[in-house]
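The values are calculated or read from the model by the stated rules, or taken from the named source; none is laboratory data. Treat the numbers as computed from the prediction; the structure is a model and nothing was measured. Cβ placement follows ideal geometry from the backbone for every residue including glycine, while neighbour counts extend to all protein chains displayed.
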Amino acid sequence: MNGPESNEIAGRILPFLEVSCACFNTTGPAVEQAVLAINTDDPVAARALFNKHGYTMKLLADDGDVSQRYGASAIPYTVIIDRSGVVREVIRGAGTDLTPIVDAVRTSE
């Protein structure tokens, strides 16, 4: 995988997820607002889970380069990117309500 194009991710949430992590099933709001998601463990199982939940964004399988480029060292790992393509926020772990963070980034431009 060469990674997402910058025009695809500008103004978006970029979640890194693993099917093997229980949080995959609880990251709905983050995933639902994403234009694409990066799976770091099992692309076949991730696709099945996305189909089950009806997620329609692109699901990419990470070969290690993208997660390394974004510093995704913990899963879940969510990157908030402004419309200029600048990383504005990084959330490590689960349990963060992303709505106010995303709204703040989107309205600050």
_Need pairs with beta-carbon distance below 7 Å; first residue at negative phi and hydrophobic (A, V, I, L, M, F, W, C) and within region 81-94, second modelled with pLDDT of 85 or more and assigned to a strand (DSSP E or B); sequence gap 6+ or separate chains._
81/87; 87/79; 90/79; 91/78
_Elements of type helices (runs of 4 or more DSSP H) in region 33-109, at least 3 residues being within 16 Å of residue 18 (Cβ to Cβ) and touching a Leu at 6+ places or on another chain (Cβ under 9 Å)_ = 43-53
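Kindly provide the set of residues from region 43-73 that are among the small types (Gly, Ala, Ser), surrounded by fewer than 17 Cβ atoms within 10 Å (Cβ to Cβ) and within 14 Å of the chain's Cα centre (by Cα), ordered by number. Spell out how you get there, then give the answer.
So in region 43-73, the residues among the small types (Gly, Ala, Ser) come out as 45-46, 48, 54, 61, 64, 67, 71-73.
Narrowing the set further to residues that are surrounded by fewer than 17 Cβ atoms within 10 Å (Cβ to Cβ) leaves 45, 48, 54, 61, 64, 71, 73.
The answer is 61, 71, 73.
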*Would you be able to tell me the number of residues in region 58-109 that are at pLDDT 80 or above, under 13 Å from residue 15 (Cα atoms) and aliphatic (A, V, I, L, M)?*
13
*In region 69-95, what residues are more than 17 Å from residue 37 (Cα to Cα) and of a type in the set (S, T, N, Q)?*
84
